[in-house]
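Everything below concerns the one structure shown next.
The values are calculated or read from the model by the stated rules, or taken from the named source; none is laboratory data. As the structure is a prediction and not an experimental result, all values here were calculated from the model. For neighbour counting, all protein chains shown are included, and Cβ atoms are generated from backbone atoms with ideal geometry for every residue, glycine included. When the accessible area is computed, the model is the full protein with side chains, heavy atoms only, and any ligands, DNA or RNA have been set aside. Shrake-Rupley method; radii C 1.70, N 1.55, O 1.52, S 1.80 Å.
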Amino acid sequence: MKIRDVLTKDQLWGLIVACLGWMFDTFDQRLFILARTPAMTALVGSSVGKLGIEQASTLMTALFIAGWASGGLIFGVYGDRLGRVKTMALTILVYSVFTGLSGFASNIWDFGLYRFLAGIGVGGEFAAGAALIAEIIPGALRPYALGLMQATAMLGTLLGTLLSMFIEATANIGGVEGWRILFAAGTVPALLLILLRLKVRESEAWLTARAQSTHNKLAMGSIGELFQRPWRVGSLIGILLGFTGQLGIWAIGTWSPELMRGVLSTAGQFAATEKSQIVGTGLILKDLASLLGVAVFTWAAQKYGRRPAFAISFASSLIAVLICFGGMKNVSDIWWMMPLLGATVWSPLAGFSLYFPEIFPTRLRSSGIGLCYNVARYLTAAGVLGMAPLMSSLLDLGVQEPLRYAALSLSSVYLLGLIALRWAPETLGRSLPS
């Protein structure tokens, strides 16, 4: 059976463009993760030392996540009010423009502003894209389509890694610093606006919900209503699950390049170019393994339920962080520990794209996804900011590798996620709330 025999042309184009939009979101994220340390070294100056650069990097990361959270809430509501397709177009334009401008930054403050504004676009795109896919794809295929959306996110990170191996962030290419060229590449997603304009139609479910809401005088998009019955429990649990998974990624998992660089610095026999290639290869292995993690989560969620899938994901992520950040000492460890980290820590993202659309009605779906995915980001930004003083305190105590122990301390967040699952509603086999 061919795809075109299962999906209509409109459904297929909606799926393709929503997946590409999220893929380029994560492409932007990976460019930032790989370029932030070289960018801070150039903009702050190496005189502040390694810890000063890491602290500046955590501040930029927190600003990016805070922008992401703000954009998710703002555009989540507009996704319900303006429609999924128009909102996707706005968010893609925003994150493309400000990612490109990040490469023109002259100091840490304008760089931070550009990252905050790019984050607003990145945060807003997911809710609209996930809502669109959930509404246009037939029920039996919906979980797999949403899983595919998250899988393309892993491809985005992989593309970012591959690009960074050809254009090293620390290199000087024709008199231009490599990290600036990487951010310039982040403008490419703007080309998706052409496809959105020509190929993607608005969700029929959203059009129907808008007509019904107008007739019944109900709000299309409302953060306040999400904290009222019957949606309050789903909203609060979604926020806790989102916080658990995202803190695991942003305050722990995204520091894996620095973890590998620390291992390589103690090895001593590698040139700078060799180190970059090893780090890049480690990230590719992690990204490929994350595809497996997303696939396994989607399969488990369909076979056993959403709650068991999240429980397995959180428990395995906790174990993987303890193993990787506690035990990565040799270069040989990179080749199996990075895939382990990728297959576990990134797997909850599949649950977010699958589960969040299933707990809210059409008129509140984009707002609900934005709420769960992005209120958690404010909490995550605070957790990321806490990394800097935590590392500083550990260093004052004589700890030689504070990044490792900070990550190990924060891994306890997975216990919070496991506890929150006790009250999470199970949605396996249920139709989308209308």
message: Which residue is farthest from the chain's Cα centre (by Cα), if the candidates are limited to the range 317-348 and must be in a loop (DSSP other than H, G, I, E, B) and not charged (D, E, K, R)?
response: Asn330
task: Determine which member of the set Leu421, Leu340, Leu390, Leu354 is open to solvent by less than 60 Å² (accessible area, probe 1.4 Å) and free of Cβ contacts under 8 Å to residues at least 24 places away in the same chain.
output: Leu390
field: Residue that is farthest from Ala311 (Cα to Cα), among those in the range 209-238 that are of a type in the set (A, V, I, L, M) and out of contact with any Phe, Trp or Tyr (no Cβ under 9 Å at 6 or more places or on another chain)
entry: Ala211
- request: May I ask you to verify whether Ala185 is of a type in the set (A, V, I, L, M, F, W, C), open to solvent by less than 10 Å² (accessible area, probe 1.4 Å) and more than 22 Å from Arg377 (Cα to Cα)?
  value: no
- prompt: Got at least one residue in the range 373-383 being open to solvent by 30 Å² or more (accessible area, probe 1.4 Å), closer than 30 Å to Leu141 by Cα and either touching a residue at least 60 places away in the same chain (Cβ under 8 Å) or of a type outside the set (Ser, Thr, Tyr) (or both)?
  reply: yes
- request: State which residue is farthest from the chain's Cα centre (by Cα) when the search covers only the range 196-217 and only residues that are buried (at least 16 other Cβ atoms within 10 Å of the Cβ) and aliphatic (A, V, I, L, M).
  value: Ala209
- prompt: So which residues in the range 1-41 are surrounded by fewer than 19 Cβ atoms within 10 Å (Cβ to Cβ), among the hydrophobic types (A, V, I, L, M, F, W, C) and in a helix (DSSP H, G or I)?
  reply: Ile3, Val6, Leu12, Trp13, Ile16
task: Could you list all residues from the range 54-72 that are more than 16 Å from Ala376 (Cβ to Cβ) and open to solvent by less than 20 Å² (accessible area, probe 1.4 Å)?
output: Ala56, Ser57, Thr58, Met60
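Residue under question is Gly429, and the condition is that it be over 27 Å from Leu132 (Cα atoms), modelled with pLDDT under 90 and not charged (D, E, K, R); does it hold?
no
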